[in-house]
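Data block below; observations after.
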Amino acid sequence: MKCRKCGEQASIELRRHNAAFCAGDFLEFFRNQVREAIRKHRMFGRDEQVLVAVSGGKDSLALWDVLIDDGYQTTGLHLDLGIFDYSVESRAKCEAFAAARGVPLLVSSVAEEVGGPVPVIKQVTRRPPCSGCGLSKRYLLNRGALEHGFPVVATGHNLDDEAATLFGSVMHWQMDALPRQSPALASTHPKLVRRVKPLYRLSELETAAYAFLRRIDYIVEECPFARGATSIAHKEILNRMEEASPGAKHNFLFGFLEKARPAFERAEVVALQECARCGQVTTGTVCAFCKLSDQVKRAGR
Amino acid sequence: MKVVLRNPRREVEVAGGRRVKEILQDLDIVPETVIVIRGDSLITGDQIVADGDTIELRPVMSGGRSTS
């Protein structure tokens, strides 16, 4: 198989694009997809400080790598989830990446902020671990950005993540989640920072290939709580569809964003206010993070 | 030939002299879910892996995630 651009031996085949690329031309293709995402959705400018949420995995470190190389002003924020050795190693990968490139990294501990690490949150809430973990991440990323004066948070969500989330939302017709599914969410409240996903045009295969070819040392092991997660089951279903029909995931997500999302957007009217306890944005009197933190701290007494 | 698998890390011996896509099919692995590494390079599904080669099938899937 030959590279579509230079005719040399290809390193990767992208069936949904009916193309194959050598290492060098693939890296350029990847960077161009990120540039197109940033441009199309006006995610951020070169004069803005961007807070990049980094987990230590391939996606977020690949994103940070592209942004640094393209000259954006970035700072990493790593949330230490307290998930045994997995979190120790994840944090070490982020610290090593930041040190090697001479870029700033902030670290925040879920155990300190919530009152217990993710395994304790799982135990106390008796809910799937991804639930309390996701809630804590969204809250702490937004608050971290506000406290340090960043106007925008960039996350490493890729095309597969977005397609799987959309699949889950459609399966349950979650009318509140559908309008919020977007590569760029504007700030709709002074205490809500802009959230963007510059990798949404790139598949997981592509971000893994980019990270490997750029020799990024990322954590390959999966989160110990990921096994059995619904989002993984949805990804497996979508990958089977992709195998039978290359481009299926792309068409599903991009078709929604271009054709269907505007209809759901019109249906969304949500009144935002500040949490009576912590002052962060919520739709109720007390935010979900404060309720979770109360629950975890009560159980720890 | 040797195939290195992850999560958990393990090695399996399979017959070489075949294309990558045939090896993936034998192992019931969907091509979209792994990058195929030989040495310090990525290789495509049409490439033939020799008997003495070692390849790593590195999973690309990350998650889980909450839904919003």
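The values are calculated or read from the model by the stated rules, or taken from the named source; none is laboratory data. This structure is a prediction, so every number in the text was calculated from the model and none was measured. Backbone-built Cβ (ideal geometry, glycine too); neighbour counts: all protein chains shown.
When segment A:113-123 is filtered for residues that are crowded, with 19+ Cβ neighbours inside 10 Å and of a type in the set (A, V, I, L, M), the ones remaining, listed by number, are A:V114, A:V118, A:I121. If you take the residues of segment A:244-301 that are surrounded by 14 or more Cβ atoms within 10 Å (Cβ to Cβ) and touching a strand residue (DSSP E or B) at 6+ places or on another chain (Cβ under 6 Å), which of them is nearest to A:Q181 (Cα to Cα)? Out of the qualifying residues, it is A:V281.
Residues that are basic (K, R) and within 11 Å of chain A (Cβ to nearest Cβ) were ranked within segment B:1-60; the one that is farthest from A:C223 (Cα to Cα) is B:R19. For B:A50, indicate whether it is farther than 22 Å from A:C22 by Cβ, without any contact (Cβ under 8 Å) to a residue 60 or more places away in the chain and of a type in the set (G, A, S). No, not satisfied. Screening the candidates B:G39, B:G17 for the property of being small (G, A, S), in contact (Cβ under 8 Å) with a residue 24 or more places away in the chain and at positive phi yields one hit, B:G17.
Name the one entry in A:G102, A:G115 that is in contact (Cβ under 8 Å) with a residue 12 or more places away in the chain and out of contact with any Asp or Glu (no Cβ under 8 Å at 6 or more places or on another chain). Explain how you work it out, then say what you get.
Numbers: A:G102 fails: in contact (Cβ under 8 Å) with a residue 12 or more places away in the chain.
Unique residue meeting the criteria: A:G115.
Yes or no: segment A:129-142 includes at least one residue that is in a loop (DSSP other than H, G, I, E, B) and either among the acidic types (D, E) or at pLDDT 95 or above (or both). Within segment A:129-142, not a single residue is in a loop (DSSP other than H, G, I, E, B) and either among the acidic types (D, E) or at pLDDT 95 or above (or both).
Here A:M241 fulfils each of the conditions (1) assigned to a helix (DSSP H, G or I); (2) under 24 Å from A:S187 (Cβ atoms); (3) in contact with a helix residue (DSSP H, G or I) (Cβ under 7 Å, 6 or more places away or on another chain) apart from (2).
For (1) within 24 Å of A:F30 (Cα to Cα); (2) among the basic types (K, R); (3) in a helix (DSSP H, G or I), each residue gets a yes or a no:
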site: A:P198; (1), (2), (3): yes, no, no
site: A:R227; (1), (2), (3): no, yes, no
site: A:S231; (1), (2), (3): no, no, yes
site: A:K235; (1), (2), (3): yes, yes, yes
site: A:V270; (1), (2), (3): no, no, no
site: A:V286; (1), (2), (3): no, no, no
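Here A:A10 meets each of (1) touching a residue at least 60 places away in the same chain (Cβ under 8 Å); (2) within 14 Å of chain B (Cβ to nearest Cβ) with one exception, condition (1). Mind listing just one residue for me: the one in segment A:145-179 that is in a loop (DSSP other than H, G, I, E, B) and more than 20 Å from A:F252 (Cα to Cα) and, of those, farthest from the other protein chains (Cβ to nearest Cβ)? Looking at residues that are in a loop (DSSP other than H, G, I, E, B) and more than 20 Å from A:F252 (Cα to Cα), I get A:G149. The combined condition, being under 19 Å from A:A62 (Cα atoms) and touching a residue at least 24 places away in the same chain (Cβ under 8 Å), is fulfilled by A:K197. Any residue at all in segment A:50-57 that's touching a helix residue (DSSP H, G or I) at 6+ places or on another chain (Cβ under 8 Å), within 23 Å of A:F252 (Cα to Cα), modelled with pLDDT of 95 or more and crowded, with 23+ Cβ neighbours inside 10 Å? Looking for residues that are touching a helix residue (DSSP H, G or I) at 6+ places or on another chain (Cβ under 8 Å), within 23 Å of A:F252 (Cα to Cα), modelled with pLDDT of 95 or more and crowded, with 23+ Cβ neighbours inside 10 Å, one finds none in segment A:50-57, hence no. The set of residues from segment A:198-228 being among the charged types (D, E, K, R), more than 9 Å from chain B (Cβ to nearest Cβ) and within 15 Å of the chain's Cα centre (by Cα) comprises just one member, A:R201.
Candidates in segment A:231-243 are the residues that are within 20 Å of the chain's Cα centre (by Cα) and at the interface with chain B (Cβ under 7 Å from one of its Cβ atoms); of these, the one that is surrounded by the fewest Cβ atoms within 10 Å (Cβ to Cβ) is A:I232. Comparison of A:S187, A:S182 shows that the only residue that is more than 10 Å from chain B (Cβ to nearest Cβ), surrounded by fewer than 20 Cβ atoms within 10 Å (Cβ to Cβ), part of a loop (DSSP other than H, G, I, E, B) and free of Cβ contacts under 8 Å to residues at least 60 places away in the same chain is A:S187.
Being in contact with a Leu (Cβ under 6 Å, 6 or more places away or on another chain), crowded, with 17+ Cβ neighbours inside 10 Å, among the β-branched types (V, I, T) and in contact (Cβ under 8 Å) with a residue 60 or more places away in the chain is a property that does not hold for A:V110. Exactly one residue among A:A37, A:A19 is surrounded by 19 or more Cβ atoms within 10 Å (Cβ to Cβ) and small (G, A, S), and that residue is A:A37. Of note, A:R277 satisfies the criterion of being at negative phi, touching a helix residue (DSSP H, G or I) at 6+ places or on another chain (Cβ under 8 Å) and more than 14 Å from chain B (Cβ to nearest Cβ). If the condition is being out of contact with any Ser or Thr (no Cβ under 6 Å at 6 or more places or on another chain) and within 14 Å of A:T75 (Cα to Cα), then segment A:104-118 contributes A:L105, A:L106, A:V107, A:S108.
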